[in-house]
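Structure first, then comments.
The values are calculated or read from the model by the stated rules, or taken from the named source; none is laboratory data. This is a predicted model, so every value here is computed, not measured. Virtual Cβ from ideal backbone geometry, glycine too; neighbours counted across all protein chains shown.
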Amino acid sequence: MQTLRASKCGLSTAQLPSYILDVIDALTKAGYEAYIVGGGVRDLILGLNPKDFDAVTNATPAQVKEVFGRRCRIIGRRFELAHVYAGRELVEVATFRAPPKKAVTSASGMILRDNNWGTIEQDFVRRDFSINAMYYQPRKGIVLDFCHAIDDIKNKTLRLLGDPTLRFEEDPVRMLRTLRFAAKLNFSIAPEILEIFTPELTQLLRDISPHRLYDESQKLFTMGHLNRVLPMLIDFGIWHQLFADISPDISTFIERAAINTDQRIQMGKTINPAFFYAVLLWKPFLERCEFYLSKGVVPAEARAQAGLDVLKRQAIRTIIPRFAETFIREVWEMQTRLLNPKPQQIQSLSTHARFRAGFDFLLLREKSGDDTTQGMGVWWDAYQQMSTDEKERAISQYNRQRAKSRRKATTDDVVETKPVAAITEIEPLVNEPEPRSRRERKSRTKSERPVQSTSSNGSEIGYDHPILKRKRVKRDLSQVIFGPTQ
């Protein structure tokens, strides 16, 4: 072990938010050891902005609960932790762990119980990567480095502590963490890991609960380097362990969505991780829709049933929460509504709760070369930038174009269904233009009337005869006696 000065590692208390200092100070004041550990220390040394900070202490979870009272909640059975709330922030406080006295593992070697408390020297051995095993005490200004992790950080090498095969068997999720850290930090993976990281070994992920795998997949989607990690998932054989029916090839649509997600994170914008699941499952959803349509199911029902089938199938790998499933299905349903909206519903559709997600999805499809969008992605993009008057004109123009397309489609149908002989029989000899104004149509109607008509007694009556011009006079019914007369 080597004790490093925090200043030599580029660390200072000025870089730390107040909530993590409050947690460290409270534990120290209560007489316990307390350190900042894990990714927060690593990212500060690398000059990155940590997303959160974790603490480690020699106090048991019950003792941490005594220190913080109602601000603390103990979670986990396999790996018991204390969650300490500081305002809106959450600090995960772990207790130093020792090797298990009695190994409680699954048949594949995964640890099922891990609540044996120990010392800091024992705790460092239990950690997965060397770069996450640096203990920072901000008030003392020191960093404890037990495994020369500072050298791995400088060399940008990702190295596991101990035997890689054993560490992956203890917790197969470490395989996902390996790829995530390599993509996020742009580190190279140590040769001893690459030797045993085979598709056969990834079968261990089948022992992990689908709920936990979903959480890990969200970390992959939201780390800001999704486009870099996707090819790694395929190369290392993890793709099939996370996605059930998604073919292991990155289409233009998936690649554009990954780049768009990374750009939004780098700009500080919020993202919904379920959106990328909607992108990944889009092709299986379309294939399932075609299956039901071929069976004669109406389109709306086919889409609804296809969405249920695809999400249920994905649940054997990662169980998507109910609210996320609802979001995904609504984004898919918005595609149909945005492609062919009714003119009177365009304004209300643009204020729909899922409009933005549905529009982003549609525009990504269009930019990826999907010609089934019929240019509506660009149309909706322009519509959002218009003023109120411009929107009304755009809707009117869209309505005219829609009616014209329908008339053309109807004409094409008539031409296809009627025989050629019938068409030539009714073809006019003289093509006269249709009168535009009502007055012209009225004068043409008069000119087409017969000049004379014949009465019942055989006399000829012209169309301008007074009897034809007679108007009906309304009678005064008050002078009329109804019923039998005297």
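Considering region 124-227, the qualifying helices (runs of 4 or more DSSP H), each wholly inside and each with 2 or more residues that are within 26 Å of Arg264 (Cα to Cα), under 33 Å from the mean Cα position of the chain (by Cα) and not assigned by TED's automatic domain parsing to the domain that holds Asp25, run over 173-185, 210-222. The residues listed here are Arg329, Arg317, Arg322, Arg337; of these, the one that is modelled with pLDDT of 95 or more and under 19 Å from Phe275 (Cβ atoms) is Arg329.
Of the residues making up region 10-66, those that are within 20 Å of Gln122 (Cβ to Cβ) and hydrophobic (A, V, I, L, M, F, W, C) number 10. Looking at region 48-68, is at least one residue in a helix (DSSP H, G or I), closer than 18 Å to Ser130 by Cβ and modelled with pLDDT of 90 or more? No; the residues of region 48-68 include none that is in a helix (DSSP H, G or I), closer than 18 Å to Ser130 by Cβ and modelled with pLDDT of 90 or more.
Residues of region 350-379 that are without any contact (Cβ under 8 Å) to a residue 60 or more places away in the chain, within 11 Å of Leu338 (Cα to Cα) and surrounded by 19 or more Cβ atoms within 10 Å (Cβ to Cβ): Gly358, Phe359, Leu362, Leu363, Thr373, Met376, Gly377.
Per the listing Thr318, Thr336, the residue uniquely closer than 25 Å to Arg256 by Cβ, assigned to a helix (DSSP H, G or I) and of a type in the set (Ser, Thr, Tyr) is Thr336.
Quick one: is Leu201 surrounded by fewer than 20 Cβ atoms within 10 Å (Cβ to Cβ), of a type outside the set (Phe, Trp, Tyr), in contact with a helix residue (DSSP H, G or I) (Cβ under 7 Å, 6 or more places away or on another chain) and within 21 Å of Tyr135 (Cβ to Cβ)? So Leu201 fails the test. If you go through region 261-271 and pick out every residue that is at pLDDT 90 or above and under 20 Å from Tyr214 (Cβ atoms), you end up with 2.
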